[in-house]
Amino acid sequence: MTLLETQDLEVVIGSTTVCHGLDLAIRAGERWGILGCNGAGKTTLLLTLAGLRPPQSGRIALQQKALSALPRRQIAQLVGILFQEQTDVFPANVLDTVLTGRHPWLGPLQWESDADREKARSALQAVGLADIEQRLVTTLSGGERRRLGIATLLVQDPRLLLLDEPTNHLDVHHQIRTLQLLSGLAADDNRGLLLVMHDLNLAARYCNHFLLLFGDGETTQGSAAAVLTRANLERLYQHPLLPLQGPQGQVWIPQ
Amino acid sequence: MTTRPRLLLFALLLLALLSLLLSLTSGTVSTGWRDLLDVSRGDADAVLAQVILELRWPRSAAAFTTGGLLALAGALMQVLLRNPLADPYVLGVSGGAASGALLALLFGLGGLWLQGAAFSGALLSMLLVFGLSHGSGSWTTSRLLLTGVVIASGWGAVIGFLLALSPEQGLRNMVFWLMGDLSYAGLPASGFVILLVGLLAATAMGRSLNILVHGDLTAGALGIAVQPLRRLVYLLASLLTATAVTLAGSIGFVGLIVPHMLRLLGVHDHRLLLPAAVLLGGSLLLIADTLARTLLAPRQLPVGILTAMIGVPLFLLLLHHGRTLHGLDSR
């Protein structure tokens, strides 16, 4: 099933054309990686696909329905997004913050139920934060805050997950744990994933489809094998790369 | 709701009743709670009944309503601006409402016109604060406070101008009213209705407000139609401020102190924070006004002086320490 589809999409931010005439289709179970150099507009594209920013032109459809015609609540049931940074101004505890993920599923005057709290606790468990549910978010470290954001996304329970640099602030162990958790959602649960990544090798290990943004509106997309070529990647990053054969497949070393 | 929130609301309700009792029994004619009972049964002597029913009761009711209105307006503005230092007085919204009200008074208009003029002044202030302090996508504390301070002093000049034009015999009253004074407040029937409706509406939006404090993008991603919600809260906060100002002039810092005290008590959920703020704000202003009219009796002080005496040091303390203590955004 196609979760998200764009037709002739043009996204522009400032003087940068992020993409031009982009036709993209993300199907259930697919794990997409978006790669591009700094300032290519990866975050802007993600916000556009989540319906939080209007595109210059073109169409976006969620499960065959036009995104612009869907109410926000319904969009939030289909698509969830993890932002690059999350700032907290007011203190709230970890459990209450995870519970905000239930918002699109609750009626206007409805309170969170025990079942909702159950979901929140198992999401905290999944990201390894179960023992700090009463801590204030303003006291969390960068990595803990990141995992809290991912737990909130799990509780939101969308069909398509858009994640802007999900491994930001995470140590090596939690990078792998998080990416395994996420790719498990795609494989076992038939959800769609779209990850903006800076770590080329982690992306190559966990994504099976790629969209490359060259920063001038040009894009390339397709399966990992077809897109992750030395020529494409060197053009993308404007830097010479050396492919090496590792135990988990090919890795790229910047020269 | 678990037991603790219920307990808190119950304790605050008790505090409100106690401060009402204190206010009704304090004054030049000293009375006890027995006299209150007599008055309520209708068999107290006429003077006592008059003092309590016609002097103290309307003023106490006005003090409670004003405090509740200001605390609720403050809590809502803090959500809108994502800043715990937001307050109708500090940001010049009260000044805008006061200028509108004075202008209406100068033209001899009263009633609904007065209320409408105060509302327009408050709304204009909110527009200015929001429009000008909304820099490159985020509100910063310093920019917000600077904008508020400049707008407040601008309104100060407008108020000075209007006072200069006003006939001399009313000046003392006007100046008192500008400092925040409940001496002339009547029974606040419409103000109380606005407070009640505002509280119900705001509490009903409570879960959305909890998410709105995480930022517009996060709120949008979680299914909230951000712009309509913001506009609604924005109108509501202006209306509440304008109503408070028409009741009692510009009383500062209640909107700042009350939500902050509740957050320190660990109340973060707006479905609980907002009703608790109304109860606590009402009680605090009721106690402050009782002090204002008894401390130097028979001389009466404007209650705004008392709230400023508590509010200014607290505000400075917050500005200084708040960043580390309560995660103030200070970029």
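Please tell me if A:Thr44 is part of a helix (DSSP H, G or I) and among the polar types (S, T, N, Q). Judged against the criteria, A:Thr44 is a match. Apart from one condition, B:Ser23 fits all of (1) touching a residue at least 60 places away in the same chain (Cβ under 8 Å); (2) on the phi > 0 side of the Ramachandran plot; the exception is (2).
The residues of region A:122-145 that are of a type outside the set (Asp, Glu) and closer than 16 Å to A:Leu181 by Cβ, listed by number, are A:Ser122, A:Ala123, A:Leu124, A:Gln125, A:Ala126, A:Val127, A:Gly128, A:Leu129, A:Ala130, A:Gly143. For region A:51-77, filtered to residues that are assigned to a loop (DSSP other than H, G, I, E, B) and among the hydrophobic types (A, V, I, L, M, F, W, C), the residue that is farthest from A:Thr2 (Cα to Cα) is A:Leu52.
As a summary of the residue check, A:Arg145 satisfies the conditions (1) within 14 Å of another protein chain (Cβ to nearest Cβ); (2) over 23 Å from the mean Cα position of the chain (by Cα); (3) over 26 Å from A:Leu3 (Cβ atoms) except for the one numbered (2). Candidates are the residues of region B:261-278 that are under 18 Å from A:Val137 (Cβ atoms) and not hydrophobic (A, V, I, L, M, F, W, C); the one that is modelled with the highest pLDDT is B:His270.
Within region A:144-164, can one find any residue that is assigned to a loop (DSSP other than H, G, I, E, B) and small (Gly, Ala, Ser)? No, because not a single residue in region A:144-164 is assigned to a loop (DSSP other than H, G, I, E, B) and small (Gly, Ala, Ser).
Touching a residue at least 12 places away in the same chain (Cβ under 8 Å), on the phi > 0 side of the Ramachandran plot and more than 14 Å from every other protein chain (Cβ to nearest Cβ): is that true of A:Gln63 in this structure? Here the answer is yes, as A:Gln63 does meet what is asked.
Does A:Leu163 satisfy being at pLDDT 95 or above and either crowded, with 19+ Cβ neighbours inside 10 Å or closer than 23 Å to A:Gln63 by Cβ (or both)? Considered against the rule, which asks whether it is at pLDDT 95 or above and either crowded, with 19+ Cβ neighbours inside 10 Å or closer than 23 Å to A:Gln63 by Cβ (or both), A:Leu163 comes out as yes.
Screening A:Gly107 with (1) modelled with pLDDT under 95; (2) under 26 Å from A:Thr2 (Cα atoms) gives one miss only, at (2).
When region A:37-60 is filtered for residues that are within 14 Å of another protein chain (Cβ to nearest Cβ) and not hydroxyl-bearing (Ser, Thr, Tyr), the ones remaining, listed by number, are A:Leu46, A:Leu47, A:Leu49, A:Ala50, A:Gly51, A:Leu52, A:Arg53, A:Pro54. The selection criterion, being among the small types (Gly, Ala, Ser) and part of a loop (DSSP other than H, G, I, E, B), does not hold for A:Gly80.
The values are calculated or read from the model by the stated rules, or taken from the named source; none is laboratory data. Being a predicted model, the structure only gives us computed values, none of them experimental. All Cβ positions, glycine included, derive from the backbone under ideal geometry; neighbour counts span all protein chains shown.
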